[in-house]
Every structure is written in C-alpha cells, then in structure tokens.
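Below: one structure, written as structure tokens.
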Amino acid sequence: MTKSAIVLLLTLLAGGLAGYLQPEKAASRRALPQIDSVALSQSGAGARLRVSGSQAEDCAAPLRTTLRAFPQNLDIQLYQDIAATAVCGLQAMPFEIELSLDAAADASAVIINDQLWLAENDAYVETSLAPTLIDQATLLQPGGEGFQLRLRGSQAVGCPLPELFSWRVTGDAVLLGVYNAMETATVCPDALIEIDANLRLTATSPPVATLLRVNGILISELETQTVSDIDKVLTNIFQVDVTAAGERISLAVAGEHPDGCDFPVLVDQSRDGNKIYVEVYREVPADVFCPMILQPYQGSIQIEGSFAAGEYTIQVNSHSQTVTI
C-alpha cells in the first residue's frame, strides 16, 4: 500500500470515529417560565388555580402543564418544548393560565417548577423549600394495586412539618423530591425531628423498571411487605440514673419516643462480664401511620442477676456510662 493510500485510509477512519463519538443533538429543549403570582378561586364547578408569569422567549411553542396531587401539596410543571432549530426572540411574553383541581386536592402548598407557594391569609406567598434529610427509602408493594414509599430521616427544623413532594421524570428515571416548608411567621427551635412516613403512589408510577431517586438516594429494589411486618422502634435515651442496693442494680431511665404511636414499651437485657446491655423499644406494625410528635418516656428497670463490688459499663440503647458499686 502506497504512502498516499495509507494517509487516505487514516483520514477516513478518523472522520468516521469522530462522527461516531459526536453526541446526538437533542430534537428539542425545555424552557421554564418565570412564575410571578398564584391565586385560587372557588366556584360551583370546583376549584381553579390561576398561575401568572412570563416566558423568557417569544416562541410559538405551547405552554404545557403536568399536575400531580400529593397528600399535603400539589406539584406542577409548566414548560415549553422548543424545537432545537427554532429561532426565538428575547422579548418576555406574559402568560396566565387556569388549572382545574380535583375537589379532594390539597392546594394549601403548591410547588411549581421547584418554587413553593404557601397559602397564607387568602393569598399565596412564595417560600423556600428545605430538603428533608433522608436516611432510608424503600419502595413497597403491599398487595393489590399501587406502591408505597417508606421514608425515614429527619426534618432540619424543630417543628413537626408536613412532607411536601415533587415528581420529575428524566429519561428512564424518576426524581422524587421530599421537602419541608413553614409559614414565614413560624419560629422553630434549632433541632432535628425524626420522620417515619409512608407515601402512597399510583399503580402506574413508578413502573418496576424505572429508577427512582429520593433526594439523591437510589432505590434499586422493590420489596414486598405484608401488614403483619413489625418494626422495632428504639426509644431515644437521654438520662440513666443508677441505684445499687446490696448486690442488685436498678435504673431510672428518661428519654422520648420518636413518634406519637401508643404501643407497649419492651425491655431486653443481656450481660457480658462487667458490661450490661439494655434495649428499650416498641414494636410498631409497619403499615401503621404514626403522628410526627415526640412522646416523653420515663421508666424503672431492675437489672437481672447479682453484682459484686466493682466497675460496670451500662449501655441503654445508645446511652452508655460507667459506674462503680
């Protein structure tokens, strides 16, 4: 093969490889409008939500809407799908649309394109979204149609606030956002509040093959759960007072339960030499919805067995201390 033929062959190969590696151009792009105001009107025909704002470009593409109702809020997407080849002017285009709402929909909190509007004194006020701290998210299929999403984590403020949700579809993935928000006049202590909540999803969303992310946590497995499943819910222990009488030890324990469910308190004990382990907990059915309030707990626990004089480490849940008797 001549030198000129080799150069030609390499040129053709390089051109073909460049064409193969070049990313495919999107056929359209999504443009989000600016939201200026939200208002709710009631009539004999039902409730209607009026949204006003402006589009950043004066393209002819229609304004599309997607509305999803969650237990504590509405989630709305407003957007234009603009063809990649379209030439748009830069003049802002005002718009106003009205959306019909189901009679059972809770419109006290409305998320529009990741902006939150809270109903306050017969008007809507724009408020910031605070992402909930999610530690565990499990997708459950308890039987029949639909799914349940089990969420565990904590709120970033010391007031028990409702969980607000957004739903975003990107390719073959669903991004579920979980947030908290409070009215502007509310003052909360600087503390965390544990949450343990279930969210009911419709039968068609998400499909089993869809990747689901909850505040960045990827759910890759679908678990089946029956109503007989039980969760062991540990009590938060703040203080343990130890009393020794002869060779016996008793504990005065103070703390709080992380939810408002009223189930019996159970105590397990074990001993390894001079280490004493005590577990204080409640057994809560997995399908029970508990109020998100803290309940104080105080209990007296008699440690089994006899104890000679010496140094002992006593651990009650996560609370540990060393005593000498």
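The values are calculated or read from the model by the stated rules, or taken from the named source; none is laboratory data. Computed from a prediction, not measured in an experiment: that's the story for all the values here. Positions of Cβ are backbone-derived with ideal geometry, glycine not excepted, and every protein chain shown enters the neighbour counts.
Out of the residues in region 82-99 that are surrounded by 14 or more Cβ atoms within 10 Å (Cβ to Cβ) and not aliphatic (A, V, I, L, M), which is nearest to Gln115 (Cα to Cα)?
Looking at residues that are surrounded by 14 or more Cβ atoms within 10 Å (Cβ to Cβ) and not aliphatic (A, V, I, L, M), I get Phe95.
So Asn317 fits all but one of (1) over 26 Å from Cys159 (Cα atoms); (2) surrounded by 13 or more Cβ atoms within 10 Å (Cβ to Cβ); what number is the exception?
(1)
Show the residue pairs that are 6+ apart or on different chains and have beta-carbon atoms under 6 Å apart, the first residue being within region 104-126 and outside the structural domain of Gly177 (by TED's automatic domain parsing) and over 13 Å from Ala47 (Cβ atoms), the second being modelled with pLDDT under 90 and hydrophobic (A, V, I, L, M, F, W, C).
Listed pairs, sorted by first residue: Asn113/Leu32; Leu116/Leu129; Leu116/Ala181.
Please find, among Gln136, Gln115, Gln141, Gln148, the residue that is touching a Gly at 6+ places or on another chain (Cβ under 8 Å) and either more than 12 Å from Val178 (Cα to Cα) or at pLDDT below 90 (or both). Before you say what the answer is, go through the steps one by one.
Values: Gln115 fails: touching a Gly at 6+ places or on another chain (Cβ under 8 Å); Gln141 fails: touching a Gly at 6+ places or on another chain (Cβ under 8 Å); Gln148 fails: touching a Gly at 6+ places or on another chain (Cβ under 8 Å).
One residue alone meets the criteria, Gln136.
Considering region 297-325 alone, what residues qualify as being more than 36 Å from the chain's Cα centre (by Cα) and either among the acidic types (Asp, Glu) or closer than 30 Å to Gln148 by Cα (or both)?
Glu304, Glu311, listed by residue number.
Collect the residues in region 74-119 that are touching a Ser or Thr at 6+ places or on another chain (Cβ under 7 Å) and at positive phi, keeping them in residue-number order.
The answer is Asp114, and nothing else.
Only one residue in Val267, Val288, Val278 is without any contact (Cβ under 8 Å) to a residue 60 or more places away in the chain and under 20 Å from Gly153 (Cα atoms), so which one is that? Walk me through it before giving the result.
Details: Val267 fails: under 20 Å from Gly153 (Cα atoms); Val278 fails: under 20 Å from Gly153 (Cα atoms).
Only one candidate qualifies: Val288.
Can you find, within region 85-107, the residue that is farthest from Thr186 (Cα to Cα) among those that are part of a loop (DSSP other than H, G, I, E, B) and touching a Leu at 6+ places or on another chain (Cβ under 7 Å)? First the steps, then the outcome.
Taking region 85-107 as the starting set, the residues that turn out to be part of a loop (DSSP other than H, G, I, E, B) are 85-92, 102-107.
With the extra rule that they be touching a Leu at 6+ places or on another chain (Cβ under 7 Å), the set shrinks to 105, 107.
On the way: Ala105: 24, Ala107: 20 Å.
Filtering first and then ranking leaves Ala105.
Considering Asp196, Asp190, which residue is at pLDDT below 80, closer than 30 Å to Gly299 by Cβ and among the charged types (D, E, K, R)? Show your work before the answer.
Values: Asp196 fails: at pLDDT below 80.
That would be Asp190, the only listed residue that is at pLDDT below 80, closer than 30 Å to Gly299 by Cβ and among the charged types (D, E, K, R).
Anything in region 237-269 that is surrounded by 13 or more Cβ atoms within 10 Å (Cβ to Cβ), among the charged types (D, E, K, R), over 11 Å from Gln298 (Cβ atoms) and modelled with pLDDT of 90 or more? List them, or say none.
Scanning region 237-269 gives a single hit, Arg248.
Of all residues in region 29-53, how many are in a loop (DSSP other than H, G, I, E, B) and of a type in the set (D, E, K, R)? Write out each step before concluding.
Filtering region 29-53 for residues in a loop (DSSP other than H, G, I, E, B) gives 32-33, 44-45.
Within this subset, residues satisfying the condition of being of a type in the set (D, E, K, R) are none.
So the count comes out to 0.
Out of the residues in region 38-51 that are small (Gly, Ala, Ser) and surrounded by 15 or more Cβ atoms within 10 Å (Cβ to Cβ), which is nearest to Ala84 (Cα to Cα)? Outline the logic, then answer.
Restricting attention to region 38-51, the residues satisfying the condition of being small (Gly, Ala, Ser) are 39, 41, 43-47.
Narrowing further to those that are surrounded by 15 or more Cβ atoms within 10 Å (Cβ to Cβ): 39, 47.
On the way: Ala39: 33, Ala47: 37 Å.
It comes out as Ala39.
Answer yes if at least one residue in region 228-235 is out of contact with any helix residue (DSSP H, G or I) (no Cβ under 8 Å at 6 or more places or on another chain), in a loop (DSSP other than H, G, I, E, B) and not acidic (Asp, Glu), and no otherwise.
Kept after step one, since they are out of contact with any helix residue (DSSP H, G or I) (no Cβ under 8 Å at 6 or more places or on another chain), are these residues of region 228-235: 228-235.
Checking which are in a loop (DSSP other than H, G, I, E, B) leaves us with 228-229, 235.
Narrowing the set further to residues that are not acidic (Asp, Glu) leaves 228, 235.
Checked region 228-235: at least one residue is out of contact with any helix residue (DSSP H, G or I) (no Cβ under 8 Å at 6 or more places or on another chain), in a loop (DSSP other than H, G, I, E, B) and not acidic (Asp, Glu).
For region 267-296, which positions are in a strand (DSSP E or B) and over 29 Å from Leu149 (Cα atoms)?
Selection gives Val267, Asp268, Gln269, Ser270, Arg271, Asp272, Lys275, Ile276, Tyr277, Val278.
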